[in-house]
Each structure stands twice: as C-alpha cells, then as structure tokens.
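Everything below concerns the one structure shown next.
The values are calculated or read from the model by the stated rules, or taken from the named source; none is laboratory data. Since this is a predicted model, take the numbers as computed values, not measurements. Because the Cβ atoms are built from the backbone with ideal geometry, glycine has one as well, and the counts that use them run over all protein chains shown.
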C-alpha cells in the first residue's frame, strides 16, 4: 500500500477556504459587504496579516471586490473569476466541477480541439503519429498494470489531447488547453473512475485511429459523441 506525505493546511488556507465556502454555498450573497479586516480577524481568531493576504488572494481570484476606504464586497465570480476560481469551485464540490461548469468545459474543448483535430488528422507527420502512439501505449500499460493510478492515466489523456493541439500548427490552442490542465485532469480522473480505466481507454483509441488514417471527419464525429455524453458520465 503506498503512503504519501500528510500536509496540513495553513491558517491562511483555512481562512480563504472558509470565506470561499460561504460564497459558493450562497451564505454570502453577491454584492454583500463583508466586515472590515480588523473585524474579520477578531471574529475568526486569526491575525490581521493573514486576513489581508487572504482577502487579496480572493480578490485576485474574482471572489471579492475590495474598494479602498469603502469596503469589501462579494464579487460576481462567474463574471470576473479566473482558472483558480474554477479550482475552488471544484474543491467546493468534492473535487469535481458542477454540471454547468462541466458542460462549459466540454463545449470549450469541442470548439478548440475540434479545429485542432481536423488539422492534426490531415497534416500529422510520421514522427508526430509515433509520439501519439507512445502515449497510447503508456495509457494501455497503466490500464493493464496499474489501473488504480487514475491520476496518472488522466494526465496521460491530457498529454494526448494537448499534443493534438500542438501538431495542429495552431500556436494559441495549446496554450489555452494547457491553462486548463488541472481541471481537465480532475475531469478525466473522475471519468475514469465512473467508466473504468479500460472503457475510458476505448474512448481514446478512435482519436488515434482517425489521426493515423488521416480521417478528420471521423475524428470530429468521435469528439462530438464524447462531448455529448461525457457530462452524463461524471455528473
């Protein structure tokens, strides 16, 4: 049985987790004014330094709006949030995104990867195909030897799809996909657990086959099927 290091959260992490939980649960409403830093420090029994640092972090993530000499307000995080905001939302839902965010992530993936898949299937080189084949072999080995390593398998799937964007020749798509690495791996890990490692691999293989055969329409059709059904699996 593998053992891993136990890492305790810091006071600042506990403070920000508490405030974010209150916002995401609806206990604190959008537009609601929070107590001052001094009041928060006194109420939550933490230092003013921790409160100031934590509030600044939550402002950066889009959860709060801090107006100098006016006050601290709950922000519309859906409108002004960042990728870090999405990580906090996933954490609030036990490590998973909620249904609306999963659907949004899938639609974004379809829009970006759909373009890249067509180009990759048409223009991939033998060397690029070989790299994809190596990723498939790695995924197969994990499924066969270590099916319990869902995070490792999910990362392998991410690398496969990210590389499709790389070989498409689009210079921006790989950067956008990579920015979503953490929530994407979390999504795939939960999908693997819901389907089983073997069935999840079966959903990957048609992508490789279509790229190998230079079949862009087949690749796009499989992506459409995956997009239409994935949220039903993990939600």
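Odds and ends about this structure:
- Conditions (1) loosely packed, with under 12 Cβ neighbours inside 10 Å; (2) not in a loop (DSSP other than H, G, I, E, B): number failed by residue 78: (1)
- Tabulated pairs, the range 175-199, first at positive phi, second surrounded by fewer than 18 Cβ atoms within 10 Å (Cβ to Cβ), C-beta under 9 angstrom, 6+ apart or interchain: 196/147
- The one condition from (1) without any contact (Cβ under 8 Å) to a residue 60 or more places away in the chain; (2) under 23 Å from the mean Cα position of the chain (by Cα); (3) surrounded by 15 or more Cβ atoms within 10 Å (Cβ to Cβ) that residue 26 does not meet is (3).
- Residue in the range 33-47 that is touching a strand residue (DSSP E or B) at 6+ places or on another chain (Cβ under 6 Å), surrounded by 14 or more Cβ atoms within 10 Å (Cβ to Cβ) and over 22 Å from residue 172 (Cβ atoms) present: yes
- Scanning the range 157-174 for residues that are free of Cβ contacts under 8 Å to residues at least 40 places away in the same chain and surrounded by fewer than 13 Cβ atoms within 10 Å (Cβ to Cβ) yields 171, 172.
- Any pair with Cβ under 6 angstrom, 6 or more apart, that starts in the range 98-111 at a residue that is assigned by TED's automatic domain parsing to the domain that holds residue 225 and ends at one that is modelled with pLDDT of 75 or more and surrounded by 14 or more Cβ atoms within 10 Å (Cβ to Cβ): 106/227; 110/227
- Of all residues in the range 185-204, those that are part of a helix (DSSP H, G or I) and farther than 25 Å from residue 83 by Cα total 9.
- Residue 182 vs. criteria in a helix (DSSP H, G or I) and modelled with pLDDT of 95 or more: no
- Residue within the range 144-156 that is touching a strand residue (DSSP E or B) at 6+ places or on another chain (Cβ under 7 Å) and surrounded by 19 or more Cβ atoms within 10 Å (Cβ to Cβ) present: no
- Only listed residue being closer than 21 Å to residue 61 by Cα and either outside the structural domain of residue 59 (by TED's automatic domain parsing) or not in a helix (DSSP H, G or I) (or both), chosen from 30, 19: 30
- Of all residues in the range 140-152, none that is under 16 Å from residue 190 (Cβ atoms) and outside the structural domain of residue 200 (by TED's automatic domain parsing) has its Cβ atom under 6 Å from the Cβ atom of a residue that is loosely packed, with under 14 Cβ neighbours inside 10 Å and modelled with pLDDT of 95 or more, 6 or more apart or on another chain.
- The residues of the range 193-220 that are exposed (fewer than 13 other Cβ atoms within 10 Å of the Cβ) and over 15 Å from residue 147 (Cβ atoms), listed by number, are 213, 217.
- Flag if residue 89 is in contact with a helix residue (DSSP H, G or I) (Cβ under 7 Å, 6 or more places away or on another chain) and crowded, with 18+ Cβ neighbours inside 10 Å: yes
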